[in-house]
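Worksheet: the structure to be examined is printed underneath.
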Amino acid sequence: MLWDGDCGFCRRWVLRWQNLTGDRVDYQPWQAVHSQFPEIPTEQFEHAVFMVDIDGSVCSGAAAVLKTLGENPAHAGLYRWYQKSSLFASLSEWLYRRVANNRRFLSRFS
């Protein structure tokens, strides 16, 4: 998972996700590794987290969060639900966008 290493809100959530996924996911600040992913424009890193799978597939936003959490068997159903339900996917992306656009403000409460 590639995330914004300059964002305190992001840092706190990544720590929580790491506790859930253990070493099944490699978390890296995009600032440290963006040159390894030239297919992702730098400005996109500033708006969402990215999950780069072992097979090279890339997703971002809520899909990336749910796919990452799905690496913990207890949460694997969330990503499957995201994939099967366009309503759940739309709501997840809408919520992700609201949080991402207000993360500086929300960092006061996390």
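The residues of the chain present an accessible area of 61 Å² per residue when probed at 1.4 Å with all protein chains retained.
Modelled spin-label separation between TYR27 and GLU39, with each label point placed 7 Å from Cα along the Cα-to-Cβ direction: 2.5 nm. Summed over all non-identical Cα pairs, the Kirkwood treatment of region 54-110 gives a radius of 12.2 Å. Counting 0.36 nm for each residue step from LEU15 to ARG97 and taking away their Cα separation leaves a gain of 27.5 nm. Absence of a disulfide-compatible partner, taken as no other cysteine beta carbon within less than 4.7 angstrom, is noted in the chain for CYS59. Evaluated at q = 0.09, 0.12, 0.15, 0.17 Å⁻¹, the base-10 log of the normalised Debye intensity for the chain, with identical point scatterers placed on the Cα atoms, takes the values -0.22, -0.39, -0.63, -0.82.
Let me have the 222 nm mean residue ellipticity of the chain computed from DSSP H runs of 4+ only, each contributing -39500 (n - 2.57), with the sum over all residues rounded to the nearest 500.
Numbers: 7 runs with 60 residues, N = 110.
Taken over the chain, the calculation gives -15000 deg cm²/dmol.
In order along region 72-89, the phi-based Karplus estimate (6.51 cos²θ - 1.76 cosθ + 1.60, θ = phi - 60°) of 3J(HN,Hα) comes to 8, x, 5, 10, 4, x, 4, 5, 5, 5, 4, 5, 8, 10, 5, 5, 4, 4 Hz; Gly and Pro are listed as x.
Would you rank ASP26, ASP4 by solvent-accessible area, highest first, keeping every protein chain in place and using a 1.4 Å probe? Each step should come with its number before you reach the end.
Details: ASP26 100, ASP4 15 Å².
Accessible-area ranking of ASP26, ASP4, largest first: ASP26, ASP4.
The values are calculated or read from the model by the stated rules, or taken from the named source; none is laboratory data. None of the values given here were measured: they were computed from a predicted structure. Counting neighbours? That spans all protein chains shown, and the Cβs are built from the backbone with ideal geometry, glycine included. We work out accessible area using only protein heavy atoms, side chains counted, and drop any ligands, DNA or RNA first. Shrake-Rupley method; radii C 1.70, N 1.55, O 1.52, S 1.80 Å.
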